[in-house]
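To start, the structure under review is shown below, and the notes come after it.
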Amino acid sequence: MNCSVLLSLMLILVQLWLCSPHMQNHSTQNTDRTFTAVRRVKRGWVWEPLFATEEQTSMVPVYIGQLKSDLDKQDGNLKYLLTGEGAGSIFIIDENNGKIYVTQKLDREKKAFYTLRAQAIKRSTQLPVEPESEFVIKVRDVNDHEPQFLDGPYVATVPEMSPEGTSVTQVTATDGDDPSYGNSARLLYSLIQGQPYFSVEPKTGVIRMASQMDRETKDQYLVIIQAKDMVGQTGAFSATTTVTINLSDINDNPPKFQQRLYYMNVSEEAPVGTTIGKVFAEDSDIGENAAMNYFIEGDSSDIFDIITDNKTQEGIILLKKRVDYEIKRRYSIEAKVVNRYIDERFLEEGPFEDKTIVKINVEDADEPPVFTLENYVMEIAEGAMGGSLVGVVTARDPDDDDCPVRYSIVHDMHLKRLFSINEHNGTIITTKPLDREIASWHNITVTATETKNPEKISEANVYIQVLDVNDHAPEFPKYYETFVCENAVSGQITQLEFSQQKVASGGKSSFLSTCQS
Ligand SMILES: *[C@@H]1O[C@H](CO)[C@@H](O)[C@H](O)[C@H]1NC(C)=O
Ligand SMILES: *[C@@H]1O[C@H](CO)[C@@H](O)[C@H](O)[C@H]1NC(C)=O
């Protein structure tokens, strides 16, 4: 073999090598791969992993590492070249020895690594002694970012009386530094304000109840959480956020009457349905948890009623049946209030109800006189002379002072005055003889008036029947039937009402009376 053959063979070998698939493999290699991978592929290149620390300012270029070919005999025959991102500006290389320097301040959070290519060229031939190789310079993180609460300030709600340890909410801070390197992005949470009611989990930022709290004592808390990077060590940056924690209501308070005893008055004249007064029970809960119903307990509930005013939460006491001062002057009722919605968890602490006493005083009213009957039925024989007794009506003042009364007849202007009444004793007499054939009935109205108060006046109807005395030729014998009701009691006649039925006609009449007790 001669020299030229040898030379051309070597050239072919070099070309083959340059075009070899692992070369292409390398150039398309993901730059995220570590340097160990690069080193394994390129046996000819020798270098350590390259790092440049961010945020460094220096007047002179800072050495970060060296590229070296193992073919370099250190005789000055090799020349190192650097191309790619930042080559010649951010990164410079000493072409004689392959030492790389950084010339500018770097910011990892802007660019975390630079991809560059290295070449080693033989000065004499200008041919590469090593295939061009790609490598990266990683920017090493320093703690130049403070944590930030991006979602703060926070607002959270938790039911009052929640047990210790109940999770309220979670706060999260972020840190721009490299989470995979060092502690710059490793955060620790702590509670600046909110003890001893709340706690925060140092690593997760979960806020928990540290004690049981009563909304009725305080319903809102302001908690301040701090996040520190560098796991809280010296040199750490920190940030704080506020968490407003509201306690929501649960039904943990029973209603309570404002008074143990209420006094009310009702006039004996008050009609059914009259509002007598109001009772009120306080409930420190809110909304549905304070909703309540009122009841009346005991015997008086047939006279008084209580209803619940849903707007004001008051119990309104109403008159269900009229009262009479002359019969009963004082009532005592027991009112009860019960929460409408009960939380079973609190039942063992006692019933969610309360009771109070309401004393109701009946007030006397000046009542008008009362007739012994509403309707009187009387008889007078036809033709009886003027001044004859027809009957007696009686009325009395029901009030305690038993005021004397005066009687009178309500006269129809168009009718002749056939009757008069004694104003003191209610005795009705005729003023002239009556003719049954003209009118068989005279229905009049009498009044009784209090002497002290003429406005207190009442009325009764008096039905006066004119009895036939047979002043015409008889057609039928007169028929009388007298009887006593079997349930009539002596002196009770005024309590009877009669219904009269005509049983014969033809100018003469007679009547059957029936008892109605
Ligand atoms: C009512 O008074 C009159 C006149 O004083 C008297 O004649 C009459 O007998 C009295 N009637 C009664 C029922 O007392
Ligand atoms: C008077 O009352 C009687 C009995 O209720 C009745 O039959 C009669 O028609 C009445 N007379 C007048 C004029 O109202």
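General observations
- The residue that is nearest to ligand 1 (Cβ to nearest atom), counting only those in region 399-432 that are within 22 Å of Leu467 (Cα to Cα) and open to solvent by 80 Å² or more (accessible area, probe 1.4 Å), is Arg417.
- Total residues in region 293-322, condition of a type in the set (Asp, Glu) and within 18 Å of Gln259 (Cβ to Cβ): 3
- Only one of the numbered conditions (1) within 16 Å of ligand 2 (Cβ to nearest atom); (2) open to solvent by 50 Å² or more (accessible area, probe 1.4 Å); (3) farther than 17 Å from Val462 by Cβ is not met by Glu382, and that is (2).
- Residues satisfying the stated conditions in region 434-449, i.e. open to solvent by less than 40 Å² (accessible area, probe 1.4 Å) and touching a residue at least 40 places away in the same chain (Cβ under 8 Å): Leu434, Val446, Thr447, Ala448, Thr449
- Number of the exception - Glu348 against (1) touching a residue at least 12 places away in the same chain (Cβ under 8 Å); (2) open to solvent by 80 Å² or more (accessible area, probe 1.4 Å): (1)
- Residue list for region 244-298, filter: crowded, with 20+ Cβ neighbours inside 10 Å, assigned to a strand (DSSP E or B) and within 16 Å of the chain's Cα centre (by Cα): Leu247, Met292
- Residues that are over 28 Å from Cys403 (Cβ atoms) and within 16 Å of ligand 2 (Cβ to nearest atom) number at least 3 in the following strands (runs of 3 or more DSSP E) confined to region 415-465: 441-450.
- Qualifying residue in region 150-172 (condition: buried (at least 19 other Cβ atoms within 10 Å of the Cβ), within 57 Å of the chain's Cα centre (by Cα), without any contact (Cβ under 8 Å) to a residue 40 or more places away in the chain and part of a strand (DSSP E or B)): no
- Taking every residue in region 107-120 that is of a type in the set (Lys, Arg) and pairing it with any residue that is assigned to a strand (DSSP E or B), at least 6 positions away or on another chain, the pairs with Cβ-Cβ distances below 6 Å are Arg108/Val139; Arg117/Thr83; Arg117/Gly84; Arg117/Glu132; Arg117/Glu134.
- Checking every residue in region 341-348 against the condition of being at negative phi and in contact with a strand residue (DSSP E or B) (Cβ under 6 Å, 6 or more places away or on another chain) gives zero matches.
- Members of region 65-116 that are in a loop (DSSP other than H, G, I, E, B) and of a type in the set (Ser, Thr, Tyr): Ser89, Thr103
The values are calculated or read from the model by the stated rules, or taken from the named source; none is laboratory data. Source: prediction; values computed, not measured. When we count neighbours, we look across all protein chains shown, and the Cβ atoms used for this are built from the backbone with ideal geometry, even at glycine. Remember, those area values only see protein heavy atoms, side chains included, never the ligands or the DNA or RNA. Shrake-Rupley method; radii C 1.70, N 1.55, O 1.52, S 1.80 Å.
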